[in-house]
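The structure under discussion appears below in the form of C-alpha cells.
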Amino acid sequence: MLKELMIADITVGSRHRKDMGSLTSLAESIRQEGLLQPIGVTEELQLVFGERRLRATRDILKKQTILARIVDVTSILAGEYAENEIRKDFTPSERVAIAKAIERKVGNRQGQRTDKELRGKIPEVAPGTRTRETAAEKAGFGNDKTYRQAAKVVENGTPKLIQAMDDGRVSISAAAILAGADADEQEAVLELDEKAILQAAKEIRARQAEKRAEHQDSKTVKPQTRPDKERKMATRLIHGDCRRELKKLPDKSVDLILTDPPYPEIEREYGRLTEVEWHDLMKTVVTEGRRILKPTGSMVVILQPNFEKVGQMRLWLWEFVAWAGREWNLVQDVYWWSHDAMPLSGTNRKQGLLRQSVKMCVWLGPATCFRNQDNVLWLPSDDIFAERKSDSAMRTSRSGRNYRNSKIAETAEDRGGSTPFNLIPVAAGGSASANNSHPATTPYDVAAWWVKYLLPQGGVLLDCFAGSGTMLCAGLDFGASQVIGIEQHKKYIEIAEKRILEG
Ligand SMILES: C[S@@+](CC[C@H](N)C(=O)[O-])C[C@H]1O[C@@H](n2cnc3c(N)ncnc32)[C@H](O)[C@@H]1O
C-alpha cells in the first residue's frame with residue numbers, strides 16, 4: 001500500500017548504515033525525476049528502508065511529505081505473504097531492511113508476557129529456530145547465508161554496488177565478495193561486463209583468503225630460537241620439595257604456573273601418595289601459588305582421574321576442583337584429549353569400560369586473568385569460506401549436531417581463526433624421547449598450547465613439579481623472560497637441564 005506520509009510522523013531508529021554517501025546528487029535526481037522508489041515504513045510508521053531518500057527529501061529539498069510503502073511486518077512474519085511475492089515486490093537491499101525489522105519484532109516479542117499479548121496473528125518462532133533464520137526466510141531469502149551476504153552488501157557496499165545487486169546485474173553472493181573490497185575497487189569492478197565482474201570477485205575472494213591466513217599468522221607467537229646461553233640464563237631450576245621451595249618465592253612475581261603434579265595412589269619411581277597426602281600437598285601448592293602469582297596470573301594443574309577399582313572412580317580430582325574452585329576460582333573447565341590413548345585395564349570386552357583419554361586441566365585464577373585467544377585459534381579450512389552451492393547445506397559434525405557453514409565462517413572471519421574447543425586434542429605420542437628417562441612426561445604440545453594461551457610475552461613461568469622440564473622448554477620457546485622449575489629428584493633436574501640446553 002502506497003501513501004503520502006508526513007515526514008515528521010516517521011521514526012528513524014538506530015541504523016546500521018552510518019555512511020549516507022552524497023545526498024546532494026540524490027536530492028537533485030529526486031527534484032528532477034521525482035521519487036522513483038518510495039521509502040518503506042512499518043504499520044507503526046517506523047522507517048524500514050530508504051533513509052537516504054528520506055533525508056534528501058527532508059533536509060535538502062525541505063519537503064514535509066514523502067511517498068511511502070507500508071511494509072506490513074506483522075503479516076509478513078505471520079506468513080501472509082508468499083516468499084516469492086516479497087522477492088518480486090522488493091529489491092534485495094529492501095528485503096535486508098525487512099528482515100532486520102522482522103528480527104527486531106521477534107526480538108522484542110521474546111521475553112514479553114505472552115498472556116498479555118495478542119498472539120493470534122504472529123506465530124511463535126518454532127522452538128530452536130533462530131530469529132535470523134526466520135527473518136531470512138520471511139523476507140524472501142532462500143536461506144540465512146544469502147541474507148547475510150545481502151546484509152554485508154548493504155553495510156559495506158558503495159551505493160553503486162547496492163544498486164547493481166538490486167538491479168540483478170551482480171548476484172548477491174558476488175556482490176558480498178565485492179563488498180569486502182575498498183570503495184574504489186568496488187566502483188572499478190562495476191565498470192566491467194558481467195563475466196569480468198565474476199572473475200574479479202573470484203580474485204578478490206582468493207586475496208581475502210590469503211589475507212586471513214596472513215592475519216592469523218601475524219598474530220600467532222612463533223617459537224623462538226634462543227642461544228643456549230640465553231636459555232640457561234633465563235632458567236632457574238630448584239632442587240627440593242615444592243612445599244618448602246614455593247614459600248621462598250616472592251609475592252606477585254609469576255605470570256603463569258603450569259604444572260603436571262603426581263597423582264595419588266599411583267606407583268611411580270618418584271613415590272606414591274595417598275589421597276590424603278595428595279590433598280595436603282595440593283592445598284599448599286594452590287595457596288602458595290596464588291600468593292606468588294601476579295594479579296592477572298593464573299595456574300593450570302593437569303590431572304588425570306583414576307580408579308579405586310574397575311567400575312569405581314576415585315573422587316580426589318573432583319574434590320580438589322570443588323575445593324579450589326570455592327577457595328579461589330575455576331576460570332573454565334578445560335580438558336586435554338589424548339586422542340591416541342590406548343585401551344587399558346577395564347576397557348576389555350568383559351569389563352566393558354570406555355577408553356580413558358581426557359585429563360582435566362584445572363585452570364585457577366581470577367575471572368579476568370590474562371589470556372591470548374588469538375594465539376591458539378585454529379586456522380579455519382578454506383572449505384569454510386568456500387562459496388559453493390553445497391556450502392549452504394547443513395554440515396553435520398561428528399557429535400551429530402548441525403552447524404551452518406556460513407555461521408562458522410562469519411565467526412572465524414571476525415576473529416581471524418576458529419575458536420578452539422575447551423577440549424584440546426593432542427596425541428600423547430607414546431613414550432618420551434630416548435634421552436628422557438622420566439616416567440611421566442607431559443607432551444610438549446600440551447605445554448606449548450597453554451603457554452601460548454596464558455603466558456604474556458616476556459612473562460615468568462613456574463612449574464613446581466618440573467620433572468624433565470617440558471613446561472619450562474615450552475616457556476623458553478614461546479617468549480618467557482624467565483622459567484622456574486622445582487623438582488624433588490636430582491636425576492630429573494639433570495634431564496631438564498639437558499633438555500633446556502638442547503632447545
Ligand atoms: C607428572 S611428573 C611431571 C612431569 C613433567 N611435566 C615433565 O614433562 O617431565 C611429576 C613430578 O613431580 C615431582 N614431584 C613430586 N612431588 C614433588 C614435590 N613435593 N616437590 C617437588 N617435586 C615433586 C616428581 O618427582 C615428578 O618428577
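For the reader, a short list of remarks on this structure follows.
- Full extension of the chain segment joining W323 with R355 gains 8.8 nm, where the gain is 0.36 nm per residue of separation less the Cα-Cα distance.
- Each residue of region 152-169 is assigned a 3J(HN,Hα), and the resulting list reads 5, 5, 4, 7, 10, x, 6, x, 5, 5, 4, 4, 4, 5, 5, 6, x, 6 Hz, derived from the Karplus form 6.51 cos²θ - 1.76 cosθ + 1.60 (θ = phi - 60°), x at Gly and Pro.
- Backbone HN-Hα couplings from phi across region 38-53 [Karplus 6.51/-1.76/1.60, Hz, Gly and Pro as x]: x, 7, x, 10, 7, 4, 8, 6, 8, 5, 9, 8, x, 4, 5, 5
- Peptides ranked, highest mean first, by Cβ atoms within 10 Å: ranges 94-103, 283-292, 185-194: 94-103, 283-292, 185-194
- Residues with amide H under 5 Å from that of V48, placed H, sequence gap 5 or more: G40, V41, T42
- Interchain or long-range residues, amide H under 5 Å from I484's placed H: R236, L461, L462, D463
- Over 29 Å apart at the Cα level, from the set K105/K195; K105/K152; K222/K252; K252/K452; K105/K202; K211/K498, are K105/K195; K105/K202; K211/K498.
All of the numbers you see were taken from the coordinates with simple rules; none came from a lab. Everything numeric here is computed off the predicted structure, so don't read it as measured data. Cβ atoms come from the backbone with ideal geometry, glycine included; neighbour counts cover every protein chain shown.
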